[in-house]
Amino acid sequence: MKLLLPRLLAPVPHLYHTSRLFLRCLGLIYLFAFLSLFTQISGLAGPEGILPLADQLRYAEMQLGQPAAWLRLPSLFWWTGSSDLALQLTTLLGAGLSLLLVFGRWERPVLIALFILYLSLYHAGQVFTNFQWDTLLLETGFLAIFLVGGPTWLLIFLFDWLLFRLRFLSGLFKWVSGDPSWAGFTALNHYFETQPLPHIGAWYAHHLPDWMLKSGVGLTFFSELIVPFFIFLPRPFRLTAAAITILMQLLIMATSNHNFINLLTILLCLFLLDDRLIQRLLPKRFSRERKGQVEEAGRLKTVSVSIAALLIVPASLFGLYANLARGPVATPLQGYYDRVRSFGIGNIYHIFPTMQRDRHEFVVQGSDDGLTWKSYRFRYKPDELNAKPAFIIPHQPRLDWMIWFVPTQQRVQLHWFGLFMQRLHQGSEPVTALLADNPFKEKPPRHLRVQVYRYRFSSPESRVETGAWWQREYLGEFPRVPPRVP
């Protein structure tokens, strides 16, 4: 133990240039994330948005009291207020600081500020920002604070542990879910058609031969259940893990709109490489700098990284146990886990543990007389049958994405969707700005309804004949239709 601790806290000279490239690329991903939220945050969480942040803060303070509420929802908005201006300025400030990180200016204070700003927006967006890519960005950004000046072995382990959790747990939860599509190797026969926001690549992938789709499921299991263990093995295995993981992310991007998570996963693979490879990609001015510039970890950095490890590793292990346990878990440990997760770290990951076999799409309509109905058009989710599915990486349209969950008719989905419909009835400008077209610009409609359709990709023959990318079948009026399962 006496020999292990100094080793863990020692610098890693052969990852110095890799770390510098990592921080520049992280700045770009932060930039994508902040700019994506800038166009949406008022409609999602502003005073006239779907889920006003002020209501959430008020409720938390009433239920928990001030100190406890601040810890449960750590956010700058406790002090700045939650007006549209405060929300939008936060996203713009984050975008500006992201550019500073891209150009390598004031890295440590910038990274601290970026983490605090994105954590504040993460809590502000509530269900709209409660996604695995948001927590992945938060934990990556948190660890990156300690990366300035070069990494230590313990810090590299924490980055590796994050990538391992993301990849292995995604495969594990697919395997143990009991989902017949994963068990029967037919998941990709449905995935491309039923994923939240497919782009044009998904249409072509959906029509691949059956043997290729089944092979793709096998490759998914191999890359998520076997390859992650290579992360902790010697260099040849780490390089193999990086190559296979990056390949999988590129294949996903070629067939799916998953915002910035695939770019972030590729970025985490950098630490599986080393300066021998990375320096070939960097400009000469980077390569001329000597590895001797790696800082010895000072006392503050050593203590901070050690505390981070003591928070993240136990919390993530307990999170795995809690999700796999069939009975209740110990309350004190659950409280500890929840407190750590409230800061966006120590999470577990389970990308698509079950596979949807039907795609239910909503057509939201309004009317002044109950006879003539006009449809609201969304920006990116499937709507018009002839509209080509758009490629929108790294942007994530949060409203379009969330509507994909509503056909399950779970309580949390019905709650926010009901508030969304109320905002349409009120003619809320921040909310209607999230849409591609509002047919009631002058005044909101007297009546609203939601028509539900089952959407399927058109066949190659049908698309040639009609030009339509989609076919649809009317199911009924929401919510008087059976819930989508799963």
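The values are calculated or read from the model by the stated rules, or taken from the named source; none is laboratory data. Worth saying up front: this structure is predicted, and the values here are computed from it rather than measured. Heads up, the Cβs are rebuilt from the backbone with ideal geometry, glycines too, and the neighbour counts pull from every protein chain shown.
See the values below:
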{"quantity": "Check on LEU154, modelled with pLDDT under 95, in a helix (DSSP H, G or I) and in contact with a helix residue (DSSP H, G or I) (Cβ under 7 Å, 6 or more places away or on another chain)", "calculated": "yes"}
{"quantity": "Selection within the range 441-486 - in contact with a Leu (Cβ under 6 Å, 6 or more places away or on another chain), of a type in the set (A, V, I, L, M, F, W, C) and closer than 15 Å to GLU193 by Cα", "calculated": "ALA468, TRP470"}
{"quantity": "Residue within the range 127-136 that is in the same structural domain as GLY94 (by TED's automatic domain parsing), touching a Lys or Arg at 6+ places or on another chain (Cβ under 6 Å) and touching a residue at least 60 places away in the same chain (Cβ under 8 Å) present", "calculated": "yes"}
{"quantity": "Hits in the range 64-98 (condition: surrounded by fewer than 16 Cβ atoms within 10 Å (Cβ to Cβ), out of contact with any Lys or Arg (no Cβ under 9 Å at 6 or more places or on another chain) and over 18 Å from GLN40 (Cβ atoms))", "calculated": "GLY65, GLN66, PRO67, ALA68, TRP79, THR80, GLY81, GLY96"}
{"quantity": "Count of residues meeting criterion [surrounded by fewer than 20 Cβ atoms within 10 Å (Cβ to Cβ) and either modelled with pLDDT under 95 or among the acidic types (Asp, Glu) (or both)] in the range 205-226", "calculated": "1"}
{"quantity": "Residue under evaluation LEU8, criteria (1) without any contact (Cβ under 8 Å) to a residue 12 or more places away in the chain; (2) within 30 Å of VAL303 (Cα to Cα); (3) among the aliphatic types (A, V, I, L, M), criterion not met", "calculated": "(1)"}
{"quantity": "Helices (runs of 4 or more DSSP H) wholly inside the range 387-466 that include at least 1 residues being over 28 Å from TYR30 (Cβ atoms), assigned by TED's automatic domain parsing to the domain that holds LEU371 and basic (Lys, Arg)", "calculated": "411-426, 460-466"}
{"quantity": "So ASP383, is it of a type outside the set (Lys, Arg) and outside any helix (DSSP H, G or I)", "calculated": "yes"}
{"quantity": "Total residues in the range 190-204, condition in a helix (DSSP H, G or I) and either touching a Lys or Arg at 6+ places or on another chain (Cβ under 8 Å) or buried (at least 19 other Cβ atoms within 10 Å of the Cβ) (or both)", "calculated": "8"}
{"quantity": "Tally of residues being closer than 22 Å to LEU414 by Cβ and surrounded by fewer than 24 Cβ atoms within 10 Å (Cβ to Cβ) across the range 41-53", "calculated": "3"}
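Yes/no matrix, rows are residues, columns are (1) at pLDDT 95 or above; (2) closer than 30 Å to LEU99 by Cα; (3) assigned to a helix (DSSP H, G or I); (4) not assigned by TED's automatic domain parsing to the domain that holds LEU272:
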| residue | (1), (2), (3), (4) |
| --- | --- |
| PHE22 | yes, yes, yes, no |
| ALA33 | yes, yes, yes, no |
| GLY49 | yes, yes, no, no |
| ALA60 | no, no, yes, no |
